[in-house]
Each structure stands twice: as C-alpha cells, then as structure tokens.
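Report on one structure; see the data block that follows.
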Amino acid sequence: MGLRCLKCGNEAFQEAVLCPYCGARIKGGPLRRPVFPTVAGVLEIIAATFSLLIGLDGIVASQYIAQYSPAEEFALRLLGVFGITGFALGLTSAVFTLMRKHFGTAIGGMLLTILSGSFCIFAFSIIPGFGLGNGVIAGAPTILLALLSLTFTATSEEEKQREKP
C-alpha cells in the first residue's frame, strides 16, 4: 500500500490520486476536469437545434402542401414529429453529457438524433419538388454534429473508466 488518506485514514495504493474509500484527493494538484463532455454537450445542443428546425419546417411545409398531396403532407408531418422528437432526445442527451452522468442514455439520445437527421434525408428525397439535395442540406448537419458529439462522449466515457482505481 503506502499512502494514507488524510480525510478518512484508510490506506491507498502508492499510485492513487484519489482515496478509493472516500474519494478525497490524496496527492497532486487539482483534478483536471475533462473537456470532452463539454464539447460533446455543446455539439449535441447544436445538432438538436438543427433537428428542431427541420421538424418545424416539416410541419409548416405540410400546411402548404396539404391541398395538393395527402401522402406528401403525411410525410412532412412525420418529418416534423421526427425532428421535434430528435430535438427533445438530443437536448436530453446533451444535459446528461454535460452533467457527466448516464453516458449510456446520452449515447442513446445521440443515436436517435442521428436517426432523426437520416429520416429527414429520406423524407425529402421521396417528396417531389424537395429532392435529395434539400434533404442532405437539412439532415447532414444534424447527423454530423451528433456523430461528433457521440465520438467525444464515447472518448470521455473511456477516459472516465481509465481513471477509476
């Protein structure tokens, strides 16, 4: 063993930075708070905002197209539901990531935000007059930002696991 915790008095390994019993700092400077969760949370908030904009656009566009094509109206309303759901899940995962808790739930929310962006590309591609290009322009930023956020969150979780005694 080697080191003794000043707070609780228990012994800890020589390499320990934190006491395995009470969590008090044993040696070294202040703990460095990882920056990855913060970056991931901010990226996920931006991705969720894109998802919300897509959803609102789908709902508004469905009002205009309703008189011409009920099938396209349904697709746009569904796009609206997916977009707003993607926003809610993205925002929830961002909060969990920023709190540095429930990383599994955060990652699940990010995956569903990616699904929301993917559905946007699909929905726009099947609606005449919108086309695949508009779908990619609308859905790709959501997907890319959520993927970046997912990468940072997974990396920070991996870092967190390595720090555990």
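The values are calculated or read from the model by the stated rules, or taken from the named source; none is laboratory data. In this text, all values refer to a predicted model and were calculated from it rather than measured experimentally. Note: ideal-geometry Cβ built from the backbone for every residue, glycine included; neighbour counts use all protein chains shown.
Name the residues in the stretch 144-158 that are small (Gly, Ala, Ser) and either outside the structural domain of Leu111 (by TED's automatic domain parsing) or buried (at least 17 other Cβ atoms within 10 Å of the Cβ) (or both), would you?
Correct list: Ala146, Ser149, Ser156.
Is there a residue in the stretch 22-29 that is at pLDDT 80 or above and either of a type in the set (Ser, Thr, Tyr) or in the same structural domain as Val95 (by TED's automatic domain parsing) (or both)?
no
Please work out which residue is surrounded by the most Cβ atoms within 10 Å (Cβ to Cβ), limiting yourself to the stretch 55-67 and to residues that are at pLDDT 80 or above and either of a type in the set (Gly, Ala, Ser) or not in a helix (DSSP H, G or I) (or both).
Gly58
Is there a residue being free of Cβ contacts under 8 Å to residues at least 60 places away in the same chain, within 19 Å of Gly135 (Cβ to Cβ), in the same structural domain as Thr142 (by TED's automatic domain parsing) and aliphatic (A, V, I, L, M) anywhere in the stretch 34-52?
Looking through the stretch 34-52, at least one residue is free of Cβ contacts under 8 Å to residues at least 60 places away in the same chain, within 19 Å of Gly135 (Cβ to Cβ), in the same structural domain as Thr142 (by TED's automatic domain parsing) and aliphatic (A, V, I, L, M).
Suppose the filter is touching a Leu at 6+ places or on another chain (Cβ under 8 Å), within 30 Å of Ile65 (Cα to Cα) and assigned to a helix (DSSP H, G or I); does Phe152 pass it?
no
Among the residues of the stretch 64-95, count how many are in contact with a Leu (Cβ under 9 Å, 6 or more places away or on another chain) and either polar (S, T, N, Q) or outside the structural domain of Gly131 (by TED's automatic domain parsing) (or both).
2
Tell me, which residue of the stretch 39-54 that is surrounded by fewer than 24 Cβ atoms within 10 Å (Cβ to Cβ) and more than 9 Å from the chain's Cα centre (by Cα) is farthest from Phe82 (Cα to Cα)?
Top of the filtered list is Val39.
On the basis of being at pLDDT 80 or above, closer than 13 Å to Ala40 by Cβ, assigned to a helix (DSSP H, G or I) and assigned by TED's automatic domain parsing to the domain that holds Phe119, does Leu98 make the cut?
yes
Scan the stretch 95-116 residue by residue and report those that are small (Gly, Ala, Ser) and under 14 Å from Ser149 (Cα atoms).
Gly104, Ala106, Gly108, Gly109 - these are the residues of the stretch 95-116 that are small (Gly, Ala, Ser) and under 14 Å from Ser149 (Cα atoms).
Does Ile45 qualify as being modelled with pLDDT of 85 or more and out of contact with any strand residue (DSSP E or B) (no Cβ under 8 Å at 6 or more places or on another chain)?
So Ile45 fits the description; yes.
Please go through the stretch 6-15 and give me each residue that is surrounded by 13 or more Cβ atoms within 10 Å (Cβ to Cβ), of a type outside the set (D, E, K, R) and either in contact with a strand residue (DSSP E or B) (Cβ under 6 Å, 6 or more places away or on another chain) or modelled with pLDDT under 75 (or both), ordered by number.
Answer for the stretch 6-15, where residues must be surrounded by 13 or more Cβ atoms within 10 Å (Cβ to Cβ), of a type outside the set (D, E, K, R) and either in contact with a strand residue (DSSP E or B) (Cβ under 6 Å, 6 or more places away or on another chain) or modelled with pLDDT under 75 (or both): just Ala12.
Considering only the stretch 100-121, how many residues are buried (at least 16 other Cβ atoms within 10 Å of the Cβ) and either closer than 14 Å to Gly58 by Cα or not aromatic (Phe, Trp, Tyr) (or both)?
15
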